[in-house]
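To start, the structure under review is shown below, and the notes come after it.
The values are calculated or read from the model by the stated rules, or taken from the named source; none is laboratory data. All values reported here derive from a predicted model rather than from experimental measurement. All accessible areas refer to the heavy atoms of the entire protein, side chains included, with ligands and DNA or RNA removed. Shrake-Rupley method; radii C 1.70, N 1.55, O 1.52, S 1.80 Å.
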Amino acid sequence: MGKVAAVASLGFVTCGTWQLSKAFVPAAHGVGAKDARSALRGAAAVESKADASSSSADPALISVGVLSASAALAAAMMAQGSRRGRVARKAVAAAAPLAEDEVPPPPPPFDPSTQVGVTAPLGFFDPVGFAKKGDEAGFRKLRSAEIKHGRVAMMGALGAVVQHYVQIPGFEKIPKGLGAVTSDVGSIGMIALVLVSGVFELVLWKDDDGKAPGDYGNPVSFGVPLGWNDDMRNRELNNGRAAMFSVLGIIVAELATGKDAVQQFS
């Protein structure tokens, strides 16, 4: 509306200016003859002409006043429109930070099928459904237990093979295989092993929510590719899974046949 009023006022100013020019600028023809007659008539004619000029100037002055008022009104309305525009721009600029500070959408729910350890050929293998979608805390506990059991199983499977060939000095008379646990000296070693494992489990290697499950530090870092990366973590998980099956097979076979891990092949 401000712009429309300003355009209308400017049109009125233009029209008034044209009318004012007609009032003050006389026609070009007959000027010489009128001047000659005015000169012959004398002072009376001059006074009469002055009165006529003053009487014709009064409407011109009125027109000038009207035009000035119109111009002032147009300028005021344009200034008001400009102020409104600035206010609107400031309002938009003030609302912009509010839009940027809006709460971002929530992240997608936790998906165990996208975590480390999902590898070919089985992919995400959880037929019983222990790892539930959205339950990150439960998944971390299961993953931590899987890594710990896998590490113990890898050491157990390796020890079941090595002890057939190598025995610690002082333990030469200890039976090989599961029989070592039931012997006098072997039982003492078993108790010591459980106590040391408990210290690592409860004191030294506690889970930290700020780290990945199973990340208890790396005392011997060999760098890439043997350092902490997804490829090595996948290898550790897969080797631990295989070792758990291996240890279970060694124990069951020895209980059934009485032979240790190496004797099973003879």
Original post:
What part of the accessible area of region 137-266, given as a whole %, is carbon or sulfur when the probe is 1.4 angstrom?
Top reply: 69 percent
Subject >> Computed over region 136-266, Cα set: Rg, Dmax in Å >> reply: 17.0, 49
Original post:
Taking a probe of 1.4 Å, how large is the accessible area per residue of region 107-220, in Å²?
Top reply: 71 Å²
Subject >> Ranking by accessible area, most exposed first, for Phe110, Phe171 with a 1.4 Å probe >> reply: Phe171, Phe110
Original post:
Under Stokes-Einstein, with the Kirkwood radius over Cα pairs standing in for Rh, what whole-number D in µm²/s applies to region 151-212 at 37 °C and 0.692 mPa s?
Top reply: 243 µm²/s
Original post:
How much accessible surface area, in Å² rounded to 10, belongs to the heavy atoms of Lys176 with a 1.4 Å probe?
Top reply: 90 Å²
